[in-house]
Amino acid sequence: QGQLLAKSWSSLFEGQPGATPRGPIYSFNGRNIVTDPLWPRRLAWHGSTPRGTHARRRDCRGWRGSGTAEGMATPLGQGQLLAGHRHNCSAP
């Protein structure tokens, strides 16, 4: 049992129709991040380039607190999961 998040694995990464995740996506503490006001930015943090390779120095690896480190993330619902943009690793 479960809910369909996308039509296919490749649609999540290639911006095909149906690439926007469907249904709720839950945080580790059980909150629905798509609707919960405690998740105002609704980003999928992935640390990858648009081609799916590791984005060196853009993965928040080793981040421990405030600072200028940046990671790659994509707003949920944008349609291309790896069409990342740089975001400060300190962003909520």
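The values are calculated or read from the model by the stated rules, or taken from the named source; none is laboratory data. Predicted model, so just to flag it, every value in this text is computed and none were measured. Cβ sites come from the backbone with ideal geometry, for glycine too, and all protein chains shown count toward neighbours. Note: areas computed on protein heavy atoms with side chains; ligands, DNA, RNA excluded. Shrake-Rupley method; radii C 1.70, N 1.55, O 1.52, S 1.80 Å.
Taking the range 46-92 as the range and being open to solvent by 40 Å² or more (accessible area, probe 1.4 Å) and assigned to a strand (DSSP E or B) as the test, the residues that pass are His54, Asp59, Glu70, Pro75, His85, Arg86, Asn88. Set side by side, the residues Arg58, Arg86, Arg51 differ, and just one is modelled with pLDDT under 80 and farther than 22 Å from Gln3 by Cα, which is Arg51. Return yes when Arg41 is of a type in the set (Lys, Arg) and at pLDDT 85 or above and no when it is not. No: the conditions fail for Arg41. Taken over the range 7-19, the criterion of being at pLDDT below 60 and open to solvent by 60 Å² or more (accessible area, probe 1.4 Å) is satisfied by Gln16, Pro17.
Across the range 26-43, which residue is nearest to the chain's Cα centre (by Cα) among those that are among the polar types (S, T, N, Q) and loosely packed, with under 11 Cβ neighbours inside 10 Å? Residue satisfying both the conditions and the ranking: Thr35.
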